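Q: I have a structure I would like to understand better, so I am pasting it below and will then ask my questions one at a time.
The values are calculated or read from the model by the stated rules, or taken from the named source; none is laboratory data. Given the structure is predicted, the values throughout are model-derived calculations rather than measurements. Because the Cβ atoms are built from the backbone with ideal geometry, glycine has one as well, and the counts that use them run over all protein chains shown.
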Amino acid sequence: MEKIVADMHIHTKYSFDSSLKIKHILAKMEDLGAKYIALTDHVEFKNQPVNEVIRRITVRNQKIDELQKGTDITIIKGIEVSEPHLYPAGMEALANVEDIDYIIGSIHHICDASMKKMAEFTDAVTLYLESMLSMVTSSDIDTLAHLDYIKKYLTEFNPDPELIESILREIIKRNIALEINTSGMRRAGEYFPGEGILDMYKDFGGKHITYGSDAHKIDELGDNIAKAHEELKPYDFEEGIILKRGFKKL
Ligand SMILES: [Zn+2]
Ligand SMILES: [Zn+2]
């Protein structure tokens, strides 16, 4: 079985699209030899009122505190926020939840509609990347998730290189890590982001990366992380985790 150090993107039953129990995640990750896991449940202000989001995350964090006592794995209290730049009031409320250790920023919708529905529209990729640029320019996030995730819905993915460059330069400037989302391997045959974007990140001086399986099922935990770690060695990126909202090199 492949050994991994950290999986920084996992969904539990506190996400609308996962039924994974934290204790089952811990058992599996102990088998994989992990030292750190980040539970990064969805926050979608589009679909849930702010007070309910806060309540759900607070209950989950209490559960994590309980389970943390019985394991050597460090459990990082993360969230994955959809389009945080569109919900300043929600983000402000989250900033007051003291024990959130890690915030992933994601684009899951285009013009308020699901990506699945919109992706094949002519300018969908541009709208998606423009929204991402707004997010990384203005939101308080630690990691940019699955940069080219939209490609899983497309037969061809030809993004505007200038937009990709702006996004990468902005995350480097603002010290936001780039996620290597290994679910890309099962969803699109390559990581999110793929090689071309990783080359650009390297060229512009990008260093910080985190690995995440984006698991929603038990078999997806840690999926392809050991493999990615090997394959990406030539880039010489700094692999790390986010703890207490700061990047820590592994
Ligand atoms: Zn996501
Ligand atoms: Zn996710």
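Q: Considering only residues that are surrounded by fewer than 24 Cβ atoms within 10 Å (Cβ to Cβ) and within 19 Å of Y211 (Cα to Cα), which ones fall in the stretch 152-170?
A: Matches in the stretch 152-170: K152 only.
Q: While we're looking at this one, here's another question. Going through the stretch 227-248 one residue at a time, which ones are assigned to a strand (DSSP E or B) and surrounded by fewer than 18 Cβ atoms within 10 Å (Cβ to Cβ)?
A: E238, L243, G246, K248
Q: Scan (1) of a type outside the set (F, W, Y); (2) in contact with a helix residue (DSSP H, G or I) (Cβ under 7 Å, 6 or more places away or on another chain); (3) at pLDDT 95 or above for the single condition S106 breaks and write down its number.
A: (2)
Q: Determine whether the stretch 198-205 contains at least one residue that is within 15 Å of ligand 2 (Cβ to nearest atom) and touching a residue at least 24 places away in the same chain (Cβ under 8 Å).
A: No: the stretch 198-205 contains no residue that is within 15 Å of ligand 2 (Cβ to nearest atom) and touching a residue at least 24 places away in the same chain (Cβ under 8 Å).
Q: Moving on to the next point. Just one of (1) in a loop (DSSP other than H, G, I, E, B); (2) buried (at least 18 other Cβ atoms within 10 Å of the Cβ) trips up L39, so point out which.
A: It is condition (1) that L39 fails.
Q: Does the stretch 78-91 contain any residue that is of a type in the set (D, E, K, R), at positive phi and either at pLDDT 95 or above or not in a helix (DSSP H, G or I) (or both)?
A: Yes, the stretch 78-91 contains a residue that is of a type in the set (D, E, K, R), at positive phi and either at pLDDT 95 or above or not in a helix (DSSP H, G or I) (or both).
Q: Another question about this same structure. Could you say which residue among A38, A27 is closer than 27 Å to I209 by Cα and either within 16 Å of ligand 2 (Cβ to nearest atom) or of a type in the set (F, W, Y) (or both)?
A: Step by step, each of A38, A27 is checked, and only A38 is closer than 27 Å to I209 by Cα and either within 16 Å of ligand 2 (Cβ to nearest atom) or of a type in the set (F, W, Y) (or both).
Q: When you look at S19, is it among the small types (G, A, S), out of contact with any helix residue (DSSP H, G or I) (no Cβ under 9 Å at 6 or more places or on another chain), surrounded by 21 or more Cβ atoms within 10 Å (Cβ to Cβ) and part of a loop (DSSP other than H, G, I, E, B), yes or no?
A: no
Q: With the requirement that a residue be under 15 Å from E80 (Cα atoms) and more than 16 Å from ligand 1 (Cβ to nearest atom), what does the stretch 100-111 give you?
A: Filtering the stretch 100-111 down to residues under 15 Å from E80 (Cα atoms) leaves 100-109.
Of everything in the stretch 100-111, those that are under 15 Å from E80 (Cα atoms) and more than 16 Å from ligand 1 (Cβ to nearest atom) turn out to be I100, D101.
Q: Show me the helices (runs of 4 or more DSSP H) entirely contained within the stretch 103-222 in which 3 or more residues are more than 16 Å from the chain's Cα centre (by Cα) and among the small types (G, A, S).
A: It comes to 124-138.
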